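A short worksheet on the structure shown next.
The values are calculated or read from the model by the stated rules, or taken from the named source; none is laboratory data. Bear in mind the structure is a predicted one, so any value in this text is a computation, not a measurement. Positions of Cβ are backbone-derived with ideal geometry, glycine not excepted, and every protein chain shown enters the neighbour counts.
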Amino acid sequence: MIKEAYNNTFAEGERVGRNTFVELTKLLTKKGESKAGLSTYYINLRYSASIFTQMMKRVSCFAFASFDEQRFAKEEAETLIEEWKKMQMFLMWEYSNKHLKIEDGDRTHCCTYALGGTCTRKHKTESCKKCSGFFTFFQTKVKDFLTRVKEKEFTESSHIEELQSMFDALPKLTYAFTYYMAHRLRAHVQFHAIRNIKQKLRNDPSKALIVMDHKQKILQMKFREGQVEYYGKKGMSMLGTMIIQWSNEKNGFVYRFDEA
């Protein structure tokens, strides 16, 4: 239905290829999907990475007018794919475990600065190249590559329309991984706060942490049910209470539960 409306809107010479149309439609409309144990930010990041890889492989297969131009596009595309794989691996673990700090002189590392707080550190004028590189990879490096490719001569005119659709997808790709970076930053701050609370409980066993939240709904559940499906169900949730306290006798935390 969407493809039919697209064909009726654009002339035949202005349309992108079928595969490009399908993948871009998925990318532009993919929102809120969830899988068991995985956040939507992570899913969108992996999906966008897959789209980017397909885009670069598609460019390397374009019908260029000369062999040298074909080789240039293929080598550049492979280089960008490898660079993105390294950036993705860095973002998965090293970014939050080694670079992010609650307060830091580097703006790209400082969680307090990112969340709008007042940092006691004096921020440097230069930022970490690894972290700041994420904000310019698609909009600068990949865009420059696609611009150079667009200036080449092709034996098929449809490649120009495909390239334009790739240009249009770049902001969506940037959006996906910047939101994942923000997700990792918030998680880093959250776990830091949890560690501080636990340390305070260890230092003073007379204190207790009381956590109240709505628990699982008393309804049937699917096998490996995703978060969107789970929280979208109708029904009354149970209100649960958990009291956490440090015990010197047991040399550990004691958990007490109650339900209403």
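Which of the residues spanning the range 135-159 are of a type in the set (Phe, Trp, Tyr) and more than 27 Å from the chain's Cα centre (by Cα)?
Hit for the range 135-159 is 154, nothing else.
Considering only residues of the range 209-229 that are within 26 Å of residue 256 (Cα to Cα) and surrounded by 14 or more Cβ atoms within 10 Å (Cβ to Cβ), which is modelled with the lowest pLDDT?
In this case the residue turns out to be 217.
Checking residue 155 against (1) in contact (Cβ under 8 Å) with a residue 40 or more places away in the chain; (2) surrounded by 17 or more Cβ atoms within 10 Å (Cβ to Cβ), which test does it fail?
So residue 155 meets the others, but not (2).
Every residue in the range 153-174 that is at pLDDT 90 or above and either outside the structural domain of residue 71 (by TED's automatic domain parsing) or among the aromatic types (Phe, Trp, Tyr) (or both), please.
167
So which helices (runs of 4 or more DSSP H) are wholly in the range 39-139 and hold at least 3 residues that are crowded, with 17+ Cβ neighbours inside 10 Å?
Those helices (runs of 4 or more DSSP H) span 40-60, 67-89, 111-114.
Taking residue 87, is it over 17 Å from the mean Cα position of the chain (by Cα), within 26 Å of residue 148 (Cβ to Cβ) and modelled with pLDDT of 90 or more?
In short, no.
Just the residues that are out of contact with any Ser or Thr (no Cβ under 8 Å at 6 or more places or on another chain), charged (D, E, K, R) and either in a helix (DSSP H, G or I) or within 20 Å of residue 47 (Cβ to Cβ) (or both), please, taken from the range 154-166.
Selection gives 161 alone.
Quick grid of which residues meet (1) touching a Ser or Thr at 6+ places or on another chain (Cβ under 7 Å); (2) crowded, with 16+ Cβ neighbours inside 10 Å; (3) not aliphatic (A, V, I, L, M):
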| position | (1), (2), (3) |
| --- | --- |
| 142 | no, yes, no |
| 147 | no, no, yes |
| 168 | no, no, yes |
| 174 | no, yes, yes |
| 179 | no, no, yes |
| 192 | no, no, yes |
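So which residues in the range 34-55 are out of contact with any helix residue (DSSP H, G or I) (no Cβ under 8 Å at 6 or more places or on another chain), at pLDDT 85 or above and of a type in the set (Gly, Ala, Ser)?
50
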